[in-house]
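Scroll down for the structure; my scribbles are underneath it.
The values are calculated or read from the model by the stated rules, or taken from the named source; none is laboratory data. Quick caveat: nothing in here was measured; it's all calculated off a predicted structure. Here Cβ is always computed from backbone atoms with ideal geometry, including for glycine, and neighbour counts include all displayed protein chains.
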Amino acid sequence: MLAMRSDNDSSPPMFEPDAEALPAEQLAALQTRRLRGLIDRLLAADGLQAGRLRDSGVTSGADVGLDDLPRLPTTAKQDLWDSYPFGLLAVPRDRVVAVHGSSGTGGRPTLVAYTKGDIALWSRMCARALAAAGAGRGTVVHNAYGYGLFTGGLGIHQGAIELGATVVPVSGGMTARQVTLIADLQPEVLTCTPSYAIRLGEALAEAGLTKESGLSLKAGVFGAEPWTQEMRSRLNELLGITALDIYGLSEVIGPGVASECIVAANGLHVNEDHFLVETLDPVTGEPVPHGTPGELTFTTVTKEALPLLRYRTGDIATLRPDPCPCGRTLVRMSKVMGRKDDMLVIRGVNVYPSEIERVLLGEPSVASDYLVVVDERGGGSDLIACCERAAGSPPGNQLRGGLEHDLRETLGLRVAVAIVPPGTVPRTEVGKAVRVRRWSGGEPPVPGLDG
Ligand SMILES: [Zn+2]
């Protein structure tokens, strides 16, 4: 498959070119074989998913092909909660070598299980993502994702080792120590949440470490939070890197389900030889065409401990099958536009927080941290976008009015803008950034807005 790329191609090598650049027909044949294998395994495990398959008339993997996927039963987070902790296992309990979990937006824990084979698969998926960002043998990877039940830290850690890179397992927080380690170890790849990358970039700049003064970073692999193109521009400029998106969720395997290549930096290649991907209408559950936003839905055809058929993620994105200059044939997904659960309904208008981010961060005078408040103090629901002036941007009263105008034009909705003093918007050192809050009463007045 390497022959698909010309000899003078300077693209960084793929970790698994035989899989990542597989011609379409061969990929489809592999997916069909694996889907049938999954169905046979689920039926043999005789759990919840086996029951649903039989109810839909499937009694053997041989009954189905790829075209039948939209007719197969789906799974959702509720199934994991209902079967907590080990009810969905498709292997004997003693084959589970690790568990991970997520707190989830609803606050209830989700627990997922891995066999040795699952950990090996996950490591390879994260190695693919790091290689796609230009990392290889010996590349220093500064891994500032949190280590623990959360899949970010250990997922990237195992992937870096699988690739033969040199991983620095710094985890989140203790930013001053991170700055020292970056200065001393000269990493080329930074892995963390995009919100922490902003925090770290500001701390590096304060310490005098910039591209001009020899900051070593070349690429960032940022995930666990939805982020926009405008945030990408901020990260590229602040850190002097190519900021790349990585996508995953613990229910499917963790980070490494899909990731961007540094060649195009334009859409995340889905590792669809292991994770069949669909986009569904979030209301009807029917497949939507390529290019139309839909709910990402994954079928984990090779996972052992916790294989899931058509897992509905709640994340909204589009798919594009057009060829990528990097040579990968894997379909690309757009950045996640929002979560089904995160959609705000304000006076009958549907708004994703990412749409607000796009407007705010499109304005250079606005700092990169912001907070969207759903203000229910008056009995209705109004949106307030709280942001700070970027360091060095000129003072003036036009900023607030300009942003309010742009938000109204973009969203078709009035959003009040509060320019708050520097340091007012909460920062995140560990875990995911909180970008939306609901105020129902008792909250303090907003400086610059309430008086
Ligand atoms: Zn690519």
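Key figures for this structure:
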| quantity | calculated |
| --- | --- |
| Selected residue (only one of Leu319, Leu306 is hydrophobic (A, V, I, L, M, F, W, C) and within 20 Å of the chain's Cα centre (by Cα)) | Leu319 |
| Among residues of region 287-312, those that are outside any loop (DSSP other than H, G, I, E, B) and within 21 Å of Gln229 (Cβ to Cβ), counted | 2 |
| Test: Leu319 is over 29 Å from Gly380 (Cα atoms) and crowded, with 21+ Cβ neighbours inside 10 Å | yes |
| Test for Arg124: is it among the basic types (Lys, Arg) and surrounded by fewer than 23 Cβ atoms within 10 Å (Cβ to Cβ) | yes |
| Long-range neighbours under 8 Å by Cβ, at least six apart or interchain, first residue of a type in the set (S, T, N, Q) within region 164-188, second part of a helix (DSSP H, G or I) | Thr166/Ala160; Ser171/Gly153; Thr175/Arg199; Thr175/Leu200; Thr175/Ala203; Gln178/Leu200; Gln178/Ala203 |
| Residue within region 323-339 that is surrounded by 19 or more Cβ atoms within 10 Å (Cβ to Cβ), more than 21 Å from His290 (Cα to Cα) and in contact with a Gly (Cβ under 9 Å, 6 or more places away or on another chain) present | no |
| Residues of region 85-101 classified as at pLDDT 95 or above, outside any strand (DSSP E or B) and not aliphatic (A, V, I, L, M), total | 4 |
| Candidate set: region 319-360, residues that are assigned to a loop (DSSP other than H, G, I, E, B) and of a type in the set (A, V, I, L, M); chosen: the one nearest to the ligand (Cβ to nearest atom) | Leu330 |
| Any hit, region 106-115, residues being surrounded by fewer than 16 Cβ atoms within 10 Å (Cβ to Cβ), more than 20 Å from the chain's Cα centre (by Cα) and without any contact (Cβ under 8 Å) to a residue 24 or more places away in the chain | no |
| Any hit, region 28-45, residues being surrounded by fewer than 18 Cβ atoms within 10 Å (Cβ to Cβ), more than 28 Å from the chain's Cα centre (by Cα) and modelled with pLDDT under 95 | no |
| Positions within region 12-26 being part of a helix (DSSP H, G or I) and crowded, with 19+ Cβ neighbours inside 10 Å, in sequence order | Ala19, Glu20 |
| Qualifying strands (runs of 3 or more DSSP E) (wholly inside region 208-286; at least 3 residues being within 16 Å of the ligand (Cβ to nearest atom)) | 242-249, 254-260, 268-270 |
